[in-house]
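Here, each number is a calculation from the coordinates, and none is a lab measurement. Given the structure is predicted, the values throughout are model-derived calculations rather than measurements. A quick note on method: Cβ atoms are made from the backbone with ideal geometry, for glycine too, and the neighbour counts reach across all protein chains shown.
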């Protein structure tokens with residue numbers, strides 16, 4: 001009942017055109033899936049069920065309407081024939097697309113969303129690379145009965161904890177696509193054991209999706225892009241390659257790029273804490289802490305070139321390197337022409353030594 005009241009207030013306090021509309025006359029769309037399969041576009045609306053919960057406790061929280069067509073406009077029009085109420089799009093949390101859309105029809109979809117339906121631009125546009133977008137939006141369970149809202153929450157929590165995705169909404173996505181010196185990227189989502197999972201980001205060259213980054217490259221992108229909330233690293237023990245240690249940043253890592261001659265010079269500063277220690281090492285000794293710092297420094301510095309090479313391969317300047325170069329030098333350059341150097345400065349927060357795994361007495 002509280003959710004219905006909140007939705008009611010959002011509609012009637014934030015929309016000018018619907019001040020006098022009755023809630024029951026609106027089909028409140030919370031999510032949309034768009035697939036291109038063969039010759040057809042398939043569109044599904046996820047619509048909030050606004051029945052009285054106290055009187056209809058067994059009613060599902062959402063229902064679906066589907067339409068297909070040879071064009072995106074025709075598909076959306078055909079969905080409307082299945083909806084007996086006026087579709088209301090201001091509450092959309094997520095729009096899901098399949099890989100064919102991402103590779104070949106993003107510009108067409110974006111133009112339609114901006115021009116033809118009254119949807120706010122704060123929603124998340126996400127990619128379903130392994131499943132159809134329709135399968136994603138219809139994946140619900142007792143814990144997550146509204147797929148679009150579940151995906152929104154997953155994106156925001158994963159961005160803060162796992163550092164493999166991004167909180168890039170549709171407005172920012174379009175700003176990147178339309179920018180002269182930058183490319184864009186999307187969060188991916190997939191189904192595992194009938195549960196929705198967030199994956200790493202898919203990168204774009206102009207309007208075309210190119211590839212999906214590895215988990216490692218996605219995490220390092222967020223570090224270089226200063227969009228990392230928390231980064232977690234597993235390293236081998238300094239003197240024992242058979243054992244490992246887990247560290248995490250205690251504050252967001254800070255990255256800065258400067259240019260000298262034909263080089264992009266990255267300085268990354270991070271303060272970390274030890275999460276798990278499986279090493280035979282004394283964390284109270286400065287010399288041993290310095291060994292850990294150097295191991296993590298070398299580990300990250302060895303990973304970063306792989307990210308840059310992948311961006312070069314697909315001509316995807318999601319780090320806005322060309323833009324940064326122009327701001328500093330007032331000259332234009334293709335980011336693929338630059339050489340890259342990385343300097344990672346690691347400081348272990350000694351107050352952050354929060355958990356040490358007990359050594360097995362048999363080892």
Among DSSP beta bridges lying fully in the chain, give the percent that are antiparallel, nearest 5. 65 percent
Would you kindly state how much longer the chain becomes between residue 271 and residue 141 on full extension, computed as 0.36 nm times their sequence separation minus their alpha carbon distance, in nm to one decimal? 42.9 nm
Determine, from the Cβ-Cβ distance of residue 232 and residue 312 and an R0 of 30 Å, the FRET efficiency 1/(1 + (r/R0)^6), rounded to the nearest 0.05. 0.70
Starting from the eigenvalues of the Cα gyration tensor, five times each then square-rooted, give me the equivalent ellipsoid semi-axes of the chain, largest first, whole Å. 43, 27, 17
Suppose R0 equals 22 Å; then what is the FRET efficiency for residue 282 and residue 343 from their Cβ-Cβ distance, rounded to the nearest 0.05? 0.20
Note: probe point = Cα of residue 251 + 7 Å toward Cβ; backbone nitrogen < 16 Å; residues of the range 191-235 passing the test are 226-231
Determine the relative contact order of the chain: mean sequence separation of Cα pairs under 8 Å and six or more apart, normalised by residue count, in whole percent. 12 percent
What percent do you get for the relative contact order of the range 227-352 when only Cα pairs under 8 Å and 6+ apart count? 31 percent
Would you kindly calculate the mean projected area, averaged across all directions, of the convex hull enclosing the Cα atoms of the range 113-198, in square nanometres? 6.6 nm²
What's the angle, to the nearest 10 degrees (0 to 90), between helix 106-116's Cα axis and the longest principal axis of the chain? 50 degrees
Give me the Kirkwood hydrodynamic radius of the range 227-352, using the inverse of the mean 1/r over all pairs of distinct Cα atoms, in Å to one decimal. 16.0 Å
Between residue 299 and residue 100, what FRET efficiency follows from the Cβ-Cβ distance if R0 is 35 Å, with the result rounded to 0.05? 0.40
Express as a percent, rounded to the nearest 5, the fraction of DSSP beta bridges in the range 227-352 (both residues included) that run antiparallel. 65 percent
Can you give me the C-alpha center-to-center distance between the range 249-273 and the range 131-197, rounded to a whole angstrom? 27 Å
Rounded to the nearest 500, what is the 222 nm mean residue ellipticity of the chain from helices alone, with -39500 (n - 2.57) per DSSP H run of 4+ residues and division by all residues? -9500 deg cm²/dmol
What percent antiparallel are the DSSP beta bridges of the range 127-281, to the nearest 5? 95 percent
